[in-house]
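Coordinate-derived values only; no laboratory data. If you're wondering where the values come from, they're calculated on a predicted model, not measured in any experiment. A quick note on method: Cβ atoms are made from the backbone with ideal geometry, for glycine too, and the neighbour counts reach across all protein chains shown.
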Amino acid sequence: MELTPRSGADGSFSLWSSAFGEGFHSAAGAFSEAQQKFVRPSQLERWRPGQELVVVEVAVGTGTNTAALLQAAADLALPLQWWGLEQDRQPLALALASAAFRSQWTGATLSRLEALGRSERLLWGDGRQTVSRLPAALQGGCDLVWLDAFSPRRCPQLWSLEFLAQLAALLKPEGRLITYSSAAAMRAALGAAGLQLASIAASASEQWSSGTVASPRPLGESFPLRSLTAMELDHLLSTAAEPYRDPTGQAGAATLLAERQLRQSQSRAVSGSAWRRRWGVASGFCQQRGLPIQ
């Protein structure tokens, strides 16, 4: 995969993937995104100092989210039991070799990130297969599951009904699955897996949502979490909510996209484009990763 270094509006290190035609992070910047879309919605202050957090991170990429979690947990004296799933070794290696990336973090955070990158807790390979290599004790035992794969339209393999159900099964009753995406297909799949949904409050540069939080138990409203609006609930009634289906865990992106498009064409639900017109939502907004980072 050809990767090109980029920096976001906050000046933090990121990458652009020519293979996926997407940046690893939003134009706001990797550091800002990690804080706004993952760390803050986790609300780490819910735990007392000394309590261990069990975390599974899907699509580790450059390690920005991991480093942000390591640093935030250390500040709150929260020990971590961390596991990661990642297919490509190159993004993390490029980040750790970058002076720009290293300048974002404390020495202790970098040392721990480097150690995790070498450890057996970072499982390399297709997430659909490596998720089954997680210890059995993690089933129903995770406080947090962070999902930061390329957008559903670019990487539907990691947003399928079946894969999301596997991630949902990792959560404790009060655990949270957190992602930057607001895509209806993903939200519908999480709902089908028995999870309750909340939105992450939008930043000034976003139209209506910064992402999604899901949990086996109702989440309530506590900033930055909020209930889904009427517009978001209506989104789940449109063809945009047709999930990606991958029962074998082996299908390629083109197959998953084509099969979903066929099911959408046969659906009696209102189209996603009609939903966007009804609510004045810009096309492609729900994917949130479509623009190069400059």
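Listing for the model above:
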| item | result |
| --- | --- |
| Largest-first principal axis extents, alpha carbons of the stretch 93-242, Å | 45, 39, 30 |
| For the chain, the longest site-free run once GluC sites (Glu not before Pro) in DSSP loop states with at most 15 other Cβ atoms within 10 Å are removed | 121-220 |
| Amide proton proximity set for L122, modelled H, under 5 Å, gap of 5+ | G84 |
| Counting DSSP beta bridges with both ends in the stretch 3-287, the antiparallel % (nearest 5) | 45 |
| For L171, residues with placed amide H under 5 Å, excluding near neighbours | G140, C142 |
| Over the chain: helical MRE at 222 nm, DSSP H runs n ≥ 4 each giving -39500 (n - 2.57), nearest 500 | -8000 deg cm²/dmol |
| Rg ratio (alpha-carbon, reference 2.2 N^0.38 Å) - the chain | 0.94 |
| Pair-distance profile P(r), taking every C-alpha pair of the stretch 201-246, with 10 angstrom steps and integer % | 21, 49, 28, 2 |
| Counting DSSP beta bridges with both ends in the stretch 1-120, the antiparallel % (nearest 5) | 55 |
| Top positive-direction residue, dipole computed over the chain with Cβ charges, set V213, Q51, A274 | A274 |
| Which of D126, D10, D143, D148 has the fewest Cβ neighbours within 10 Å, and the rest in rising order | D126, D10, D143, D148 |
| Global size of the stretch 27-156 as Cα Rg and Dmax, reported in angstrom | 14.2, 40 |
| Residues whose placed amide H lies under 5 Å from that of A28, excluding near-sequence neighbours | A9 |
| Percent RCO, i.e. relative contact order, over the chain, from Cα pairs under 8 Å lying at least 6 residues apart | 19 |
